[in-house]
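The structure appears below as structure tokens.
The values are calculated or read from the model by the stated rules, or taken from the named source; none is laboratory data. Predicted model, so just to flag it, every value in this text is computed and none were measured. Cβ coordinates were reconstructed from backbone atoms using ideal geometry, including for glycine residues, and neighbour counts include every protein chain displayed. Calculation scope for accessible area: heavy atoms of the full protein, side chains included, ligands and nucleic acids excluded. Shrake-Rupley method; radii C 1.70, N 1.55, O 1.52, S 1.80 Å.
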Amino acid sequence: MTNEIETIIHTQDLSLFYGDFQALHDISLPFAQRQVTALIGPSGCGKSSFLRSLNRMNDLTSGTRSEGAVIFEGTNILEKKIDVVSLRRRIGMVFQKPNPFPKSIYDNVAYGLVVNGIKNRSIVAARVEKSLKQAALWEEVKDRLHKPALGLSGGQQQRLCIARALAVEPEILLMDEPASALDPIATQKIEELILELKERYTIIIVTHNMQQAARVSNTTAFFYMGRLVEVGSTNALFTKPVKKETEDYITGRFG
Amino acid sequence: MTYREHTKGEMIPEGSSRGDRGAAPTDTLTGRGTALGEWVAESSLLIISLISIVVLGLILLFLLMEGLPTFSFVSVKAFILGHLWYPTDEPPDFGILALIMGSISVTLISSLIAVPSGVMTAIYLSEIAPPKMAEILKPAIELLASLPSVVIGFFGMVAVAPLMQRIFDIPTGLNLFTASIMLAFMSIPTICTISEDALRSVPVTYREASMALGATPFETISKVTVPAALSGITTAIILGMSRAIGETMVVLMVAGGAAIIPGSLFDPIRPMPASIASEMGEAPFRGDHYHALFATGITLFLFTILFNILAMSASRRFRLKG
Amino acid sequence: MTFSLSKNRLSGKRGTVQSIWFALFRGAAAINVLALFAVILFMVIQGASAINWAFLTEMPKNSMTEGGILPCIIGTICLALGALAFAFPVGVATAIYLNEYATQGKRVAMIRFAITNLAGVPSVVFGLFGLAFFCTVLKLGVSLLSGALTLGIMSLPVIIGASEEALKTVPNTYREASLGLGASKWQTIFRVVVPSALPGILTGSILALGRAAGETAPIMFTGAVFFTPDLPTSVFDEVMALPYHIYVLATAGTHIGETRPLQYGTALVLIALVLGMNLCAIIVRSRLRNRNRI
């Protein structure tokens, strides 16, 4: 069954350095299309750094340097000639803390479209509505689209950020602990949303919550000390981990 | 390049790779041309940023260009150390020692007032005042900074000087002492705000540790908080003095204007900025007097640069400590 | 010897020392605030009677011993706005460059060094520079333009400083979110970062505007004159200005005593203008801050 699924993006011997510190060691990891892959591991294991390499958000941190390759559509996106702006439009990201702009709900979702040159108002409006519906937020905000986004609750803000990311129709959605700042009910809504979204999108999610990884992902990769320890189907990894570190971690012995 | 409308799921047939999205999949990753726009934006911002350097350079250049010719008709030594400033006499005297001494004396005496007052106000605001009180007082201090210098000079002239004249029974209230008081109020806001920032940046843990050892709040302030903020306070004092020595309108209106080396607190003086401001209007264009005033400007500028360098080195130590 | 638990009421010698010092600290703060109110109150009491509609809207008469100060008000507003027209774009662009593009390196160190030193240049030296460069070399003469440019370069460090402070308060998450959506760096700055920093930038700029309006020394040789028979019609005209008008009437006029009410009135108008701008800055700040909140 797994061999029918296409790989959309994969890394080859990816290493990442912050100055002299090596944060990632030779990571090769493929990601299946329209599947959810969870990256787990203790704090500081490099899972977030790895995630941020996939759309080159690490470029924003000064002093970072990477080796190896991240192959997307047959191109190594770490190459200099890559236009990171279009790359990030196609590989979207949702962050740990909800970070809506201090603009209206509507303008937040429309932002990505506007900066990508879509000027036609009816297209933008349609896309905003569609994205908010996909993010299961439409019913809650449709009557106050032009109110400030910062007036929403934390869970709503995070779904707004997901809607904002969906509006530009990325092929891959990177999620960096998207529910860690939320209460259990909001977390549950985000998880349901992830399960719905995987019908259309490839989702790579970093989480420190193993139950969450088990609930939403098809594949799980375990990171430890900047290295990829083990990767496999979520079911297998949680029930029959191969490596000792994985077992220690998922049984709660450290982390 | 225009944005391609496409709907997920419909456009991509089952089993096909994501790679054939659109006609030339890779050109969206390399060919959008944002790089050029970004380069233009960054370069323009850089060029605009260089204006500050250019302006500072031009200021130096033109001061030197218009000031250095002075030394063709008077030696540097005679200019700096000459006691007599009679630029319009026949023959004229171009010695600015009295102006320099006027500037130094008024700066020092105003600092004697402004430093204790400014630092003590800062201590009150940061360490003692209830937060609500501080919230009201801080804007008042900022407002004091925003009062135009000509208004302070005018107030000194019409209100403070006559008062001084009556109290001390002196021939004129326009003198070194009155000018120092008025000048102090120009530098107090500078000294106060920067000192307060320095005091506030002292970690609360220091204060707690001191209090926990049985020190009184005052002992904590005098033995722990103020020493910890000392280089910041030093920076504040130097910048306040720099502001005082360069201040023009107050000394122009209140200092009395006599180009003599002051022998008493109640002597009238003529600091450098006052001399430049009052004489430039009448100095013949590019005549000796004109050049000598620019040379006075250079001297004044050197003083403020000296203060700036001192302040920068003090604040560097401050940052290392903090 | 008894010890009270209240921290301000220590008894014994240490308590006495503390109360004396604390009284001094309070006194210092009180004196400074009182000084502010003394100046303002004095000018209000002395100047209020001089102020009426004619004073604000008429030209000076009888070699400035009677009449209004309209040309001074217009001149000051033009000078300050002209200064801002130069310093605002340059200052904000510099702040954006320093805060968003280049944060370290030799070039940035040099720019910062220049700004720090520019901030320390005495105002009268700016006047000398304006005279030598704008009036003489650029052949602008004593004019509104020369005066405004001189005030503009003087305001530059203030606006750069305020804008940088404002840009620093924009959370990094805004930048990341925008870049993560495929916005370019410039789009991120222009559409997200600068709008978020706008309250701070505008506040700082209005404060700089107020400062420029109150400055005298830089415009004495570059833009302001004793008297103009007409209102300025072009940027190459000489102008009258409130601060210089006060100085001239108070020190150089032939009827210093007679024109005192005019002097007080002019000073009051200048104070009102400058404090009004400060107030304006505070209002702008709170308005814009609240606009995108709940």
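Could we say that A:Pro184 is farther than 15 Å from A:Asn55 by Cα and either in contact (Cβ under 8 Å) with a residue 24 or more places away in the chain or not acidic (Asp, Glu) (or both) here?
Yes, satisfied.
Each row is one residue, and each column tells you yes or no for (1) closer than 23 Å to C:Phe227 by Cβ; (2) within 11 Å of chain B (Cβ to nearest Cβ); (3) of a type in the set (Asp, Glu).
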| residue | (1), (2), (3) |
| --- | --- |
| C:Ala54 | yes, no, no |
| C:Asn62 | yes, no, no |
| C:Ala93 | no, yes, no |
| C:Tyr97 | no, yes, no |
| C:Thr103 | no, no, no |
| C:Ile111 | no, yes, no |
| C:Cys135 | yes, yes, no |
| C:Leu144 | yes, no, no |
| C:Gly147 | yes, no, no |
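Whether any residue in region C:184-206 is within 14 Å of chain A (Cβ to nearest Cβ), open to solvent by less than 10 Å² (accessible area, probe 1.4 Å) and not in a helix (DSSP H, G or I) is what I want to check.
Yes: region C:184-206 contains one or more residues that are within 14 Å of chain A (Cβ to nearest Cβ), open to solvent by less than 10 Å² (accessible area, probe 1.4 Å) and not in a helix (DSSP H, G or I).
If a residue must be at the interface with chain C (Cβ under 7 Å from one of its Cβ atoms), over 10 Å from the mean Cα position of the chain (by Cα) and open to solvent by less than 20 Å² (accessible area, probe 1.4 Å), how many such residues does region A:92-101 contain?
Within region A:92-101, residues that are at the interface with chain C (Cβ under 7 Å from one of its Cβ atoms), over 10 Å from the mean Cα position of the chain (by Cα) and open to solvent by less than 20 Å² (accessible area, probe 1.4 Å) number 2.
How many residues, within region A:93-132, are of a type in the set (Val, Ile, Thr) and not in a helix (DSSP H, G or I)?
So the answer is 2.
Looking at region B:95-120 only, could you name the residues that are buried (at least 20 other Cβ atoms within 10 Å of the Cβ), facing chain C (nearest Cβ under 9 Å), under 19 Å from the mean Cα position of the chain (by Cα) and not small (Gly, Ala, Ser)?
Matches in region B:95-120: B:Val119 only.
I'm told B:Gly257 meets every condition in (1) within 14 Å of chain C (Cβ to nearest Cβ); (2) open to solvent by less than 10 Å² (accessible area, probe 1.4 Å) except one. Can you identify the failing condition by its number?
The one condition B:Gly257 does not meet is (2).
Considering region B:151-194 alone, what residues qualify as being within 20 Å of B:Pro271 (Cβ to Cβ), under 18 Å from the mean Cα position of the chain (by Cα) and more than 9 Å from chain C (Cβ to nearest Cβ)?
Of everything in region B:151-194, those that are within 20 Å of B:Pro271 (Cβ to Cβ), under 18 Å from the mean Cα position of the chain (by Cα) and more than 9 Å from chain C (Cβ to nearest Cβ) turn out to be B:Ser180, B:Met182, B:Leu183, B:Ala184, B:Met186, B:Ser187, B:Thr190, B:Ile191.
Going by the structure shown, is B:Ala159 in a helix (DSSP H, G or I), surrounded by fewer than 24 Cβ atoms within 10 Å (Cβ to Cβ), of a type outside the set (Val, Ile, Thr) and at pLDDT below 90?
Criteria not met by B:Ala159.
Can you tell me which of A:Arg52, A:Arg89, A:Arg34 is open to solvent by 10 Å² or more (accessible area, probe 1.4 Å), in a loop (DSSP other than H, G, I, E, B) and under 14 Å from A:Leu174 (Cα atoms)?
Unique residue meeting the criteria: A:Arg34.
Return the pair list, or none, for Cβ contacts closer than 7 Å from residues in region B:273-285 that are at negative phi and at the interface with chain C (Cβ under 8 Å from one of its Cβ atoms) to residues that are part of a loop (DSSP other than H, G, I, E, B) and open to solvent by less than 10 Å² (accessible area, probe 1.4 Å), at least 6 apart or on different chains.
B:Pro273/B:Thr248; B:Pro273/C:Pro122; B:Ala277/B:Thr248
Check off (1) modelled with pLDDT of 90 or more; (2) outside the structural domain of B:Leu293 (by TED's automatic domain parsing); (3) hydrophobic (A, V, I, L, M, F, W, C) for B:Ala35 and give me the number that stays unchecked.
Unmet condition: (1).
Of the conditions (1) open to solvent by 30 Å² or more (accessible area, probe 1.4 Å); (2) touching a helix residue (DSSP H, G or I) at 6+ places or on another chain (Cβ under 9 Å); (3) more than 14 Å from chain B (Cβ to nearest Cβ), C:Val44 fails just one. Which one is it?
C:Val44 satisfies every listed condition except (3).
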